[in-house]
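Mind having a look at this structure? Questions to follow.
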Amino acid sequence: MLFWVLALLILCGFLWHYKGQLKITDITDKYIFITGCDTGFGNLAARTFDKKGFHVIAACLTESGSTALKEETSERLHTVLLDVTDPESVKRTSQWVKNQAGEKGLWGLINNAGVLGVLAPTDWLTVEDYREPIEVNLFGLISVTLNMLPLVKKARGRVINVSSIGGRLAFSGGGYAPSKYAVEAFNDSLRRDMKAFDVHVACIEPGLFKTDLSDPVKTTERKLTIWKHLSPDIKQQYGEGYIEKSLNKLKGTTSLGNMDLSLVVECMDHALTSLFPKTHYVAGKDAKTFWIPLSHMPAVLQDFLLLKKKVELANPKAV
């Protein structure tokens with residue numbers, strides 16, 4: 001009996017793997033739109049899907065990013081300047097994409113643009129420190145999606161939202177995690193709403209990757225700027241040595257970041273080209289072995305493990 005159960009499990013595993021390998025055909029007539037293509041995941045994705053034969057429309061924030069990308073890609077790839085936080089910019093871009101794609105519609109929308117914002121203890125921050133990552137990572141993503149959705153529905157295509165392990169577990173204070181938690185919720189509701197239109201919606205949750213988004217120099221500069229403007233009371237509670245110790249901790253964390261950006265692009269590729277795409281993708285060894293498992297554990301265990309990585313305060317009772 002045990003033998004047959006084992007054989008059935010092996011067969012099911014084989015069929016599941018085989019199912020995941022089945023791909024769509026005729027990608028050369030399909031249009032995809034990617035945000036945040038100046039650097040990082042978006043830049044690599046644009047170059048990768050251009051080589052595969054897609055008609056790639058790559059949205060960049062800067063002229064320099066756009067120029068550099070066009071120099072490395074074929075004539076099929078088009079770039080467009082886009083600020084996802086500017087409603088007029090989003091509307092103009094969606095109309096331009098509609099003119100490019102025509103009756104074919106948009107097979108793939110990859111919402112990749114994002115910013116990290118300030119990572120610091122919550123009582124160091126103001127509401128303005130939360131605003132930028134929420135405007136870009138959440139409202140920008142929603143704005144692009146709502147404007148592009150008619151084109152995706154026309155093609156019965158795919159929407160791929162790049163979230164983060166920060167959307168499953170808040171590892172630091174600041175607007176990044178709240179924005180990504182909200183992206184997860186938007187993704188779930190959109191996925192259910194689009195099923196009737198044969199539009200598949202997927203979410204990618206990368207772990208810690210070494211990109212411009214997580215540049216330790218920029219992160220350190222932001223944290224130091226906030227520290228310098230803190231009130232004497234808060235500095236007394238945390239201690240004068242806190243900032244140096246926390247920055248050293250940050251260096252240790254960034255050294256664990258994944259170097260291979262293609263792990264995320266491979267998830268995008270499967271979500272775009274598989275006949276049976278997944279609803280969630282996890283990218284990075286740290287995400288698979290630590291962050292995502294930890295997100296399913298009791299809060300008391302989450303707090304214990306995450307607080308072990310925090311610097312001890314000098315005098316928290318000095319209120």
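The values are calculated or read from the model by the stated rules, or taken from the named source; none is laboratory data. Keep in mind that what you see is a predicted model, and the values were worked out from it rather than measured. Ideal geometry is used to build each Cβ from the backbone, glycine not excepted, and the neighbour counts take in all protein chains shown. The protein model used for the area step is the full one, side chains on, heavy atoms only, and it has no ligands, DNA or RNA in it. Shrake-Rupley method; radii C 1.70, N 1.55, O 1.52, S 1.80 Å.
Amide H of residue 80 versus every other amide H placed in the peptide plane: which residues, excluding those fewer than 5 positions away on the same chain, fall under 5 Å?
Counting only residues 5 or more places away or on other chains, the set is 58, 59, 60.
Could you give each residue of region 114-130 its phi-based ³J(HN,Hα) in whole Hz, using Karplus coefficients 6.51, -1.76, 1.60 with θ = phi - 60°, and x for Gly or Pro?
Result, rounded to whole Hz: x, 10, 8, x, 8, 10, 6, x, 4, 6, 8, 9, 10, 5, 5, 5, 8.
Students often get this wrong, so check it: of 104/288; 180/235; 223/309; 278/308, which have C-alpha atoms separated by over 27 Å? Present the calculation step by step, with values, prior to reporting the outcome.
Working: 104/288 37 Å; 180/235 29 Å; 223/309 17 Å; 278/308 34 Å.
Correct reply: 104/288; 180/235; 278/308.
For residue 280, enumerate residues with amide H under 5 Å from its amide H, sequence gap 5+ or separate chain, H modeled in the peptide plane.
Residues meeting the criterion, in which the H sits 1.01 Å from N, are 203.
Let me ask you something else. Could you work out the relative contact order of region 189-319? I mean the mean sequence separation of Cα pairs under 8 Å and 6+ apart, divided by the number of residues, in percent.
About 43 percent, as a whole number.
Right, something else. May I ask you to derive the relative contact order of region 123-217, considering only C-alpha pairs under 8 Å and at least 6 residues apart, and to give it as an integer percent?
Numbers: 103 pairs, mean separation 32.3, N = 95.
Here the relative contact order equals 34 percent.
So, one more: Give the carbon-plus-sulfur fraction of the accessible surface of the chain in %, rounded to a whole number; probe 1.4 Å, heavy atoms of protein chains only. Provide the component values of the computation, followed by the final result.
On the way: 9940 of 16690 Å².
The nonpolar share, carbon plus sulfur, comes to 60 percent.
I've got another one for you. Could you rank 268, 297, 1, 259 by how accessible they are, 1.4 Å probe, largest area first? Mind dumping the intermediate values first?
On the way: 268 0, 297 80, 1 175, 259 135 Å².
Order by accessible area, largest first: 1, 259, 297, 268.
With +1 on each Lys and Arg Cβ and -1 on each Asp and Glu Cβ, how big is the dipole of region 141-296 about its Cα centre, in debye rounded to the nearest 20? The partial results should precede the final answer.
Values: 21 positive and 15 negative charges, 42 e Å.
Charge dipole, region 141-296, about its Cα centre: 200 debye, nearest 20.
What is the dipole size for region 215-319, taken about its Cα centre, with +1 at each Lys and Arg Cβ and -1 at each Asp and Glu Cβ, in debye to the nearest 20?
300 debye
Let me ask another. The chain: longest stretch without exposed trypsin sites (Lys or Arg not before Pro) (DSSP loop, at most 16 other Cβ within 10 Å), sites themselves excluded?
On the way: sites that count: 76, 156, 278, 308, 309, 310, 317.
Segment 157-277 is the longest.
Rounded to the nearest whole Å², what accessible area per residue is found for region 77-175 with the 1.4 Å probe?
Details: 3940 Å² over 99 residues.
In whole numbers, region 77-175 has 40 Å² accessible per residue.
What is the magnitude of the charge dipole of the chain about its Cα centre, with +1 placed on the Cβ of each Lys and Arg, -1 on the Cβ of each Asp and Glu, and no other charges, expressed in debye to the nearest 20?
On the way: 38 positive and 34 negative charges, 163 e Å.
Dipole about the Cα centre, nearest 20: 780 debye.
So what's the back-of-envelope 222 nm ellipticity for the chain, counting only DSSP H runs of four-plus at -39500 (n - 2.57) apiece and dividing by all residues, rounded to 500?
Numbers: 13 runs with 157 residues, N = 319.
Calculated mean residue ellipticity at 222 nm is -15500 deg cm²/dmol.
Additional query: Calculate, in whole percent, how much of the Cα-Cα pair population of the chain lies beyond 36 Å. Let's see the in-between values first.
Numbers: 12655 of 50721 pairs.
Roughly 25 percent, rounded to a whole number.
Separate question: Have a look at 152, 59, 297 and report the one farthest towards the positive end of the charge dipole of the chain, computed about the Cα centre with Cβ charges (Lys/Arg +1, Asp/Glu -1).
Positive-most Cα among the choices belongs to 297.
Sticking with this one: Any aspartates and glutamates with Cα under 20 Å of the residue 285 Cα? List them, leaving off those in the same chain fewer than 8 positions away.
205, 212, 215, 260, 266, 269
Using the charge dipole of region 58-202 (Lys, Arg: +1 at Cβ; Asp, Glu: -1 at Cβ; taken about the Cα centre), state which of 175, 107, 84 has its Cα farthest towards the positive end.
107
Can you pull the percent of Cα pairs in region 172-319 with separation above 18 Å?
In whole percent, the share of Cα-Cα pairs in region 172-319 beyond 18 Å is 69.
Which ³J(HN,Hα) values in Hz, rounded to whole numbers, follow from the phi angles of region 83-94 under the Karplus curve 6.51 cos²θ - 1.76 cosθ + 1.60, where θ = phi - 60° and Gly and Pro get x?
10, 5, 8, 9, x, 5, 4, 5, 5, 4, 5, 5
Can I ask one more? Ordered by residue, what ³J(HN,Hα) values in Hz, to whole numbers, does region 235-246 give under the Karplus form 6.51 cos²θ - 1.76 cosθ + 1.60, where θ = phi - 60° and Gly and Pro are x?
So the Karplus estimates, Gly and Pro as x, are 4, 5, 5, 7, x, 4, x, 5, 4, 5, 5, 5 Hz.
With loop defined by DSSP as not H, G, I, E or B, and exposure as at most 15 other Cβ atoms within 10 Å, which is the longest segment of the chain clear of exposed GluC sites (Glu not before Pro)? Can you show the working numbers first?
Values: sites that count: 72, 75, 240, 312.
It runs 76-239.
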